[in-house]
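Let me begin by presenting the structure, written as structure tokens, before commenting on it.
Nothing in this text is a laboratory measurement; each read-out follows from the coordinates by a stated rule. Nothing here was measured: the structure is a model prediction, and the numbers come from that model. Using ideal geometry, Cβ is built from the backbone for each residue, glycine included, and neighbour counts are taken over all protein chains shown.
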Amino acid sequence: MTRTYRVAVIPGDGIGKEVVPEGVRVLEKVAKRHGITLKLDWYDFSSCDYYLKHGRMMPEDWKAQIGGHDAIFFGAVGWPKAVPDHVSLWGSLLLFRRDFDQYVNLRPVKLLPGVPCPLAGRQPGDIDFMVVRENTEGEYSSIGGKMFPGTEREFVVQETVMTRTGIDRVLKYAFELARKRPKRHLTSATKSNGISITMPYWDERVEEMAKAYPDVRWDKYHIDILTANFVLHPDWFDVVVGSNLFGDILSDLGPACAGTIGIAAAANINPERTWPSVFEPVHGSAPDIAGQGIANPIGQIWSGAMMLDHLGEGEAAAAVLKAIETVLAEKTLRTRDLGGNADTVACGKAIAEMI
Ligand code: ATP
Ligand code: MG
């Protein structure tokens, strides 16, 4: 029986156009090996080129065009010389996040061989955890405003909104993820000593959810000491879950602890698969190196592995990660940002061949 998935491929801008083809090269190879049929549809929208031609980032019927796909394989968006970043971002990725209800943002933090670790003395194997960020509510509500503007009494207020449904669904995802991993350990980010209403409520929901997962060991740390522990004791963590703001911070700090931006992968996930999820590298369009063919394609390729995992193709996903690790261990196959001399295509081809 072959499993068939429809994937919308969106290269976007800058190095997105260079690394996405390498991600696709690897996906096609691993699909062939594992009896998977991938139906790929390429789209030129959600890019600044599209904006310059049409005056908008995406066509009016974008949702009809890609909403029925199983996943979206995304490169990067942004070309600040031509289109301001807030226009390109709000006209594309943030619409996906909202309209496709991608309430989980997921980032693996894993130190791979051949990647210089900014934390002294850490070896591959020491750092291997996942950051789960709530992606739709919390601190990033737009509720609030300025009172008495321009006077001595001027003040601003911005509300944090945490719903029971919103918290529970991301916690459920995080506990399920922890349950599937060998360490079965979940850490919750909190700040209930200083934030006296929303954070105790978050803690309360964690405690409640934990009852359904007696096989998962869990703990909670205040965000201040938690960030310190990312740096001091990264080996402690397995699955780390946080609100929108705390998760935002942790999901940048985590990958930074495990090496360079060129290899970090990410996903915005709608776990029920009612809507497609987006799989994209952490890095942006990197205008400074775009067009030179030297970008590291590993962040994109790793995102492809996350996509396979999400689609239920765990074995294929593991095969991609193994191929990445094998290639990284070989200096000559690494791109320049990792001290090698391979170009984007050579690195992508090497990983595809390794599968
Ligand atoms: P964003 O706007 O999406 O937050 P950015 O434009 O601030 O991102 P990036 O595009 O990620 O930043 O680039 C940051 C730096 O990292 C740049 O110097 C860029 O060249 C480098 N970089 C990013 N991605 C890669 C990659 N895949 N390979 C090599 N270098 C990269
Ligand atoms: Mg940018």
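Separation of segment 58-110 from segment 200-237 is 30 Å, based on Cα centroids.
Residue separation of T326 and T274 scaled by 0.36 nm, minus their Cα-Cα distance, works out to 15.2 nm of gained length.
Could you work out the Kirkwood radius for the chain, taking every pair of different alpha carbons, averaging 1/r and inverting it, reported in Å? Provide the component values of the computation, followed by the final result.
Working: mean 1/r = 0.0474 Å⁻¹.
Result for the chain, one decimal place: 21.1 Å.
Computed about the Cα centre, the dipole magnitude for segment 289-355 is approximately 260 debye when only Lys and Arg (+1) and Asp and Glu (-1) carry charge, each at its Cβ. A dipole drawn for segment 151-258 from +1 and -1 charges on Cβ atoms has a positive end, and of H233, A212, L171 the residue lying farthest that way is A212. The magnitude of the dipole of segment 178-319, with charges of +1 and -1 set on the Cβ of Lys/Arg and Asp/Glu and taken from the Cα centre, is near 280 debye. Available extension along the chain between N193 and V87 is 34.4 nm, counting 0.36 nm per residue and deducting the alpha carbon span. Taking only the C-alpha atoms of segment 203-355, the Rg (one decimal) and the largest Cα-Cα distance, Dmax (whole number), read 17.7, 53 Å.
When the alpha-carbon atoms of segment 1-145 are used, the pair Rg, Dmax equals 18.1, 57 angstrom.
Ranking of E139, E315 by neighbouring Cβ atoms within 10 Å, starting from the fewest: E315, E139.
Across L338, L93, L52, mean-square fluctuation computed from a Gaussian network of the chain (C-alpha pairs under 10 Å connected) peaks at L52.
If only the Cβ of Lys and Arg carry +1 and only the Cβ of Asp and Glu carry -1, the dipole of the chain around its Cα centre is close to 700 debye. Give me the Kirkwood hydrodynamic radius of segment 76-165, using the inverse of the mean 1/r over all pairs of distinct Cα atoms, in Å to one decimal. Across segment 76-165, the inverse of the average 1/r is 17.5 Å. A straight line joining the Cα centroids of segment 25-48 and segment 122-183 runs 32 Å. Which one of G23, F100, Y50 has its Cα pushed farthest toward the positive end of the charge dipole of segment 1-157, where Lys and Arg give +1 and Asp and Glu give -1 at the Cβ? Toward the positive end, the furthest listed residue is G23.
Of interest is the spacing of the C-alpha centroids, which for segment 294-312 and segment 240-268 amounts to 15 Å. Each distinct pair of alpha carbons in segment 157-221 adds a 1/r term; the inverse of their mean, the Kirkwood radius, is 12.4 Å. A Förster distance of 22 Å, applied to the separation of the beta-carbon atoms of E176 and D235, puts the FRET efficiency at 0.45.
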